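For reference, the structure is listed below as structure tokens.
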Amino acid sequence: MKHLESSFTGKNNFWRYIVMMLLIFLATNTIGSLPLTIVSLVKSAGNNQSLSEISSDLNFLTNMGVSQNMILFLVLFAFIAGLAAYYLIVRPMHGRTFLQTVTGAGRIRWQRALIAGLVWMLLMAVYLFIYLGFDPGNFSINNSSSSLIVLALIAFAMIPFQAAFEEVIFRGYLMQGFALLIPNRLFPLISTSVLFALMHSLNPEVKEYGFFAVMPQYLTFGLIFGVITILDDGIEAALGAHAANNIFLCIMVTQESSALQTPALYQQHNYHPWIELAGLVVSGIILILVLKWIFRWDSFSILATKIKPLESIDQIP
């Protein structure tokens, strides 16, 4: 194990984490949002809606003739800027390489990301098939046109950047940061999972169905991806599962309160948070067990073990 153990290397003053997160936030919301801002300005110039109104509800752009697929592309572009900013800043800020903050393997294990993504997408397909069988009236065909192909191309090309951004920040960077505070694997696991859930607290489905109804799902997602990261000593498998989850939802199912409105194949009419949570818990457990078997992870007891600094490292103040 080297991923969390690498937390102790380099420059780790608390202020560095604050500055790092602020710089990434600024890059994501300025450079990253520039294409969306330009389109919004152009469209607002000939309409009654202000830029602030469009920013608060992107459906205004749809009404102005911008396709949902284009809006999806513009929104996801911001994560490329954020990821690039992280890659450029992390070494001068912390004295650790990008690779050290995301994996303990010494290289990016793309095959693990692909395997985890395929397993999770299969589990989601099975879950949707079962849901359709038990409650067919809750779903209707939303889109069967050629725009679905365009949506799939955008999803497969862009969503991995969005998933990578969140996994790099939460399961890579911040998990290492919390490991410095209390060097036990459970603490960074729980801390980053809570932060991951809170980051999504402004999503429209939270407003629609209530904080305590929806937040457990995001917390569960954080715990699933966190457990996978610790057991696999890196974020690759978690990244693959995360990307597969968002790609599948973008292409296959949409509902009115979704954070990203897409011309997906199915429209879900009624969203039941507790049913979705139960399905997520069962699917998540199966995913972890399947990956444990495929990747031959050690015992789950490692989740409660102490994190010890790597031998012969320099702690730079």
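Quick notes on this structure:
- Residue match in segment 252-271 (condition: among the charged types (D, E, K, R) and either touching a His at 6+ places or on another chain (Cβ under 9 Å) or over 30 Å from N69 (Cβ atoms) (or both)): yes
- Close pairs from segment 91-111: first touching a residue at least 40 places away in the same chain (Cβ under 8 Å), partner polar (S, T, N, Q), Cβ under 6 Å, at least 6 apart: R96/T9; Q100/S6
- Residue list for segment 129-163, restricted to those being over 11 Å from A264 (Cβ atoms) and of a type in the set (A, V, I, L, M): I130, L132, I149, V150, L153, I154, A157, M158, I159, A163
- Per-region count, segment 98-113, residues in a helix (DSSP H, G or I), touching a Gly at 6+ places or on another chain (Cβ under 6 Å) and among the hydrophobic types (A, V, I, L, M, F, W, C): 2
- Close contacts from segment 287-304, counting a first residue that is of a type in the set (G, A, S) and a second that is not in a helix (DSSP H, G or I), with Cβ to Cβ under 9 Å and a gap of 6+ residues or different chains, come to A304/N184; A304/R185.
- The condition (being over 22 Å from F295 (Cβ atoms) and within 21 Å of the chain's Cα centre (by Cα)) is satisfied by just one residue among I89, I130, I115, I108: I89.
The numbers here are math on the coordinates, done by the rules we state, and not lab data. This one's a predicted model, so the numbers in the text were calculated from it and none came from an experiment. For neighbour counting, all protein chains shown are included, and Cβ atoms are generated from backbone atoms with ideal geometry for every residue, glycine included.
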